Amino acid sequence: MTQQANRLESGGILVRERPVEFEYDGIRYEGFEGDTLASALMANGIRTVGRSFKYHRARGIYTAGSHEPNALVELRTGARREPNTLATMAELHAGLIAASQNCWPTVRHDLMSVNSALSAFLVAGFYYKTFKWPRRFWTNIYEPVIRRAAGLGHASGKADPDRYEKSYAHCDVLVVGAGPAGIAAADSAARAGARVILCDEHARIGGALLNDRTEINGQAGVEWALDAPSRLSRLGVKVMPRTTVAGWYDDNTFAAAERVSDHLAEPPKHLPRQKLWRIAARHVVVASGAIERPLLFSGNDRPGVMLASSARAYVNHYAVRPGSRAVVCGNNDDLYTTAADLRRAGIAIAAIVDSRSAQEPSDVALAGSLVSQAVGGRSVRKVAVTDLEGGARRTIKCDLVCVAGGWMPNVSLLSQRGVKPAWNEGLQSLVPPETEAETYTCAGACAGRFGTQECLAEGARAGRRAAAAAGIDVPPGEAAPFAASGPFQGKPGGQSRVRGEAGKTFVDLQNDVTARDIELAAREGYGAVEHLKRYTTMGMATDQGRLSNVNGLAVLADVRGVPVSEVGTTTYRPPYTPVTLGTLAGHFQGRTWRPRRLSGFHDWAAERGAEFVENGLWMRWNCFAQPGESLAQAAAREVKAVRSGAGMCDVSTLGKIEIQGPDAVELIDHVYAGNLRKLTVGRSRFALMLREDGMVFDDGTVTRLARDHFLVTTTTGNAGRAMEHLEYCHQVLWPKLDLHMVSVTDAWSGLSIAGPRSRDVLETVVDRLDLSNEAFPFLSAADTSVCAGVPARLMRISYSGELAYEIYVPYQFAEDFIRTLEERGKEFGLCPYGLEALGIMRIEKGHVAGSELNGRTTPADVGLEWAASGTKSAGYIGRALSAREGLVDPEREVLVGLKAVKPTQEIAAGSHLLNKRGSRTLADTQGYVSAACFSPTLEQNIALAFLKRGRERHGEVLRAANPLQKREILVEVTSPVFYDPESDRVRR
Amino acid sequence: MRLTCPICGTRPLEEFTYRGDASVRRPPDFNPKNTGAWVDYVYMRDNPKGPHKEHWFHGGGCSSWLTVERDTVSHEVRSVKLARSARSGGR
């Protein structure tokens, strides 16, 4: 294990008595609790942490925050490997394993860095210009190669073993960002009586107070910040560190990703890895701070170049030396604070390069000058400093270059909501407008108010304003005043760039966009800021341009010869920083992807070895395969059992809606095609619901239980939509109708009892009801009871084509009922059957289902024109537009049956029907196969299909072509009803 | 986004489903000569920028159909009424 050579003897916010071992690129190192991966790497002298996206140039740690462009690493191994994480945000923990990415074979010796030599070709719009021809090269050659060369990290490819959660929170005031302004805002809002949530993306709240040496009310600023969580909690503030507010949506709804266990080796059993919060806030205080502006000079990406504020953070917060000999360069007074902090840490200051000429020069301070070039490979070795007036150059040796280009308010979140920041000449940056918005208040550096004292004061004011805006009766008075040191020193002056240097000047470090790329794009006509972004990819990295945006706009303004204020800016979008897919999915994956609905007969069926199949949310019986039976064999056996004896099938999943009231019949008459007024009490009928455009929406049964009481059933899949439709018809179209409706789907469990012996089976359970054909004919219905007093609803309805009934009992009796039925039905050969058998029987009988009622078929198309007749005046839904030319065209495809000419040949559903002779083109297609099966009853393959002028073509032989399976067979067109065409069996 | 249902109170978006323009009127009766009015009713919709009256269904709550007045630019919800009474100016 190597020593922490660059660690300072004292200071920092570290738990030094707890050293932490970790591994980086296969080598073990040591850091302390409180380190980030970046600060621990720095302590161990590691300077190159990644290779750049396009040119594979060596890159070092550039920042100490979530806008880090270079230090993207892969964390952990195996199924927990996570690519593209920021070393500057990853908290060090025992056993952490990290690896560099986008380099081959290693980060120190990366062969792809030859790209740098080819850079003349890798300019803006490179992809658009180069990889256009030949077309087929794109998928086979260009894309895979580019992906390997330019990719970032790699996903594990394995299922994530960790849990993720979603939570909801409501508050009066949400404070985003917990620097001095955010803490003060949360404090004063809570004191005013508001329910407050304070979120910050870092592990500790405090923001710049943790990184700079300040004083608040006589206490060190860092101590004040470290005390803040307990102080705020006592006021009732919910303090949420490690929580990134990623998105701001309508009605002040926020998405926030909390990294609950990312700082632990493995999440404990009771905790998720991350949690997605949805926070509804009456008012939000945006206190997201500001980001220091980088400087543009040749080689400004060399490891060792970093933001001055970040260098202070590493020295003060993490007690590490980012280098041994520093050049500090910039355009404002932060230079001198930085130099002082670095000196305290024992870092030699080679030069302070100040672009402002008014500064007094000293032994190290150079006024009116700027760094124009940094030289070095895996670390900066020296810089060239150019005098801005005379142009004289001098070379200074150093291994650290701290750049201070002024401050850029972090407007990302505001921009998401359409708040347009405006150019502020004094700050040389984009600043949000000062508005008295109803839903948000902007405070501190984010509002362009800098300096600890002003941030605290403005934050406190914002907190009170937010509480009042949230409807709190704020007591009069002022927030307690603060006395803080740390005046704003970042006001920029003078020039910030030396132009015309050879070599690469990077504007967007993460996407490798140079100043020259921007100039080229502008010359080629992509000078509008939104065009520039897409053409060069500037601002499209994980920080969305928070680091590069202002510099890019300045370069663009320069080439176009306009002020920066006229260039405009691009829009930031959610998420603020990348959110992992696991967090967005939460628990909605695998078994808990969505709820499962189980019928009252489920446990019984599971005991009997049912194979289930998903149908919407329901688990339905597919078949009851006996040992050694395939699905097809089981279904064939079940079909034979029904056709020769009796079977039972779960129909609990059908939608069941009761409609009651004096006008119930009116509504029924409106929503169902045909004429249902004449339906008498105690009778059921098959009926179609149409859409207003004349297409079939759903099919089911309508039963009149009493004069003003109807029970309607819908298909399983359409149950919810049908209910919504019926409510729409009642509440919106015919609100005056006097009726009520309620879904009783879950209240009643139902079985279809089908087969020639079904009457015998039912007679063993029904209490007092004459089931003889005379007393209870086909389509009869009754409220009755079974098994000595259990309420039941009985309807004589058939889908299978046999004598059949549907019987419903209350859910709580379902299990007892089916066990009784099973016992008593034994002597009649009662056999449970599933959807597979049902599917075969309905095709044999020519009954339509979802594959025929596909939203593009009319009643006539599916042979059910009789169900849509009705009196001339009938105004049911769908009638008016049914008469349109296209819907009554004799050329339309209508339902037919098909028999394979060779009975054993399978007909594939989806096959196109073609004339026996003729070409195999789409233009010649005569129709298509909608459902197919092997009929155990007919002992041959059959199908239902839609065929042009199908009614006239029974007997014709066609080809059924399935190009996907490369199969084509001959089929004979028949009536769609293969089995019992006179329907004698259902009436016996 | 949240909607304030007159019956259930302020509830999250997931409980509601959107249908569309609430200002269209179903032609009063079936008349074969009147197909044009029916085609307009079923297919033709404006796509206004600004205030828009639309139908939402509170399927995750009280099963009410609601008439929501919403600004398609700012997404501001100006009013939520029960559809059955919205036409006669009720609550």
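Considering only residues that are at pLDDT 95 or above and among the acidic types (Asp, Glu), look in region A:61-92 and name the one that is nearest to A:Glu23 (Cα to Cα).
The residue in question is A:Glu91.
Go over the candidates A:Leu958, A:Leu881, A:Leu947 one by one and state the one that is farther than 26 Å from A:Lys640 by Cβ, within 14 Å of another protein chain (Cβ to nearest Cβ), touching a Leu at 6+ places or on another chain (Cβ under 9 Å) and not in a loop (DSSP other than H, G, I, E, B).
A:Leu881
Exactly one of (1) more than 11 Å from chain A (Cβ to nearest Cβ); (2) surrounded by fewer than 13 Cβ atoms within 10 Å (Cβ to Cβ) is unmet by B:Gly61. Its number?
Among (1) more than 11 Å from chain A (Cβ to nearest Cβ); (2) surrounded by fewer than 13 Cβ atoms within 10 Å (Cβ to Cβ), the lone unmet condition for B:Gly61 is (2).
Scan region A:396-444 residue by residue and report those that are among the small types (Gly, Ala, Ser), over 30 Å from A:Ile46 (Cβ atoms) and in a loop (DSSP other than H, G, I, E, B).
Once the filter is applied, which keeps residues that are among the small types (Gly, Ala, Ser), over 30 Å from A:Ile46 (Cβ atoms) and in a loop (DSSP other than H, G, I, E, B), region A:396-444 yields A:Gly418, A:Gly426, A:Ala437, A:Ala443.
Looking only at region A:316-336, how many residues end up being in a strand (DSSP E or B) and buried (at least 24 other Cβ atoms within 10 Å of the Cβ)?
6
Within 9 Å of chain A (Cβ to nearest Cβ), over 16 Å from the mean Cα position of the chain (by Cα), surrounded by 14 or more Cβ atoms within 10 Å (Cβ to Cβ) and modelled with pLDDT under 95 - does that describe any residue in region B:17-26?
No - not one qualifying residue is present in region B:17-26.
Here are some residues: A:Ala257, A:Ala280. Which one is within 14 Å of another protein chain (Cβ to nearest Cβ), touching a helix residue (DSSP H, G or I) at 6+ places or on another chain (Cβ under 9 Å) and either farther than 30 Å from A:Ala515 by Cβ or in a loop (DSSP other than H, G, I, E, B) (or both)?
After applying the criteria, what remains is A:Ala280.
Show me the helices (runs of 4 or more DSSP H) entirely contained within region A:593-692 in which 3 or more residues are more than 30 Å from A:Pro735 (Cβ to Cβ) and either in contact with a helix residue (DSSP H, G or I) (Cβ under 9 Å, 6 or more places away or on another chain) or in contact (Cβ under 8 Å) with a residue 60 or more places away in the chain (or both).
A:602-607, A:631-644
Looking at A:Lys916, A:Lys899, which is the one that is in contact with a strand residue (DSSP E or B) (Cβ under 6 Å, 6 or more places away or on another chain), away from chain B (no Cβ under 14 Å) and either at pLDDT below 95 or closer than 30 Å to A:Trp734 by Cβ (or both)?
Within the list A:Lys916, A:Lys899, the selection yields A:Lys916.
Across region B:32-58, what is the number of residues that are out of contact with any helix residue (DSSP H, G or I) (no Cβ under 8 Å at 6 or more places or on another chain), at the interface with chain A (Cβ under 10 Å from one of its Cβ atoms) and surrounded by 11 or more Cβ atoms within 10 Å (Cβ to Cβ)?
Qualifying residue count, region B:32-58: 2.
Among the residues of region B:27-54, how many are small (Gly, Ala, Ser) and at pLDDT below 95?
Within region B:27-54, residues that are small (Gly, Ala, Ser) and at pLDDT below 95 number 2.
Quick check on this structure: which one of B:Val73, B:Val68 is hydrophobic (A, V, I, L, M, F, W, C), more than 9 Å from every other protein chain (Cβ to nearest Cβ), loosely packed, with under 14 Cβ neighbours inside 10 Å and touching a Lys or Arg at 6+ places or on another chain (Cβ under 9 Å)?
Matching residue, one of B:Val73, B:Val68: B:Val73.
Farther than 29 Å from B:Trp38 by Cβ and buried (at least 21 other Cβ atoms within 10 Å of the Cβ): is that true of A:Val973 in this structure?
Taking the combined requirement at face value, the residue satisfies it.
Yes/no per residue for (1) at pLDDT below 95; (2) closer than 15 Å to A:Leu654 by Cβ; (3) in a strand (DSSP E or B):
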site: A:His730; (1), (2), (3): no, no, no
site: A:Met741; (1), (2), (3): no, no, yes
site: A:Arg768; (1), (2), (3): yes, no, no
site: A:Glu806; (1), (2), (3): no, yes, yes
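Go through region A:483-536 residue by residue and tally those that are part of a loop (DSSP other than H, G, I, E, B), more than 28 Å from A:Ser309 (Cβ to Cβ) and at pLDDT 85 or above.
5
The values are calculated or read from the model by the stated rules, or taken from the named source; none is laboratory data. Since the structure is predicted, the reported quantities are computational estimates derived from the model, not experimental observations. Please note: Cβ atoms are built from the backbone with ideal geometry, for glycine as well, and neighbour counts cover all protein chains shown.
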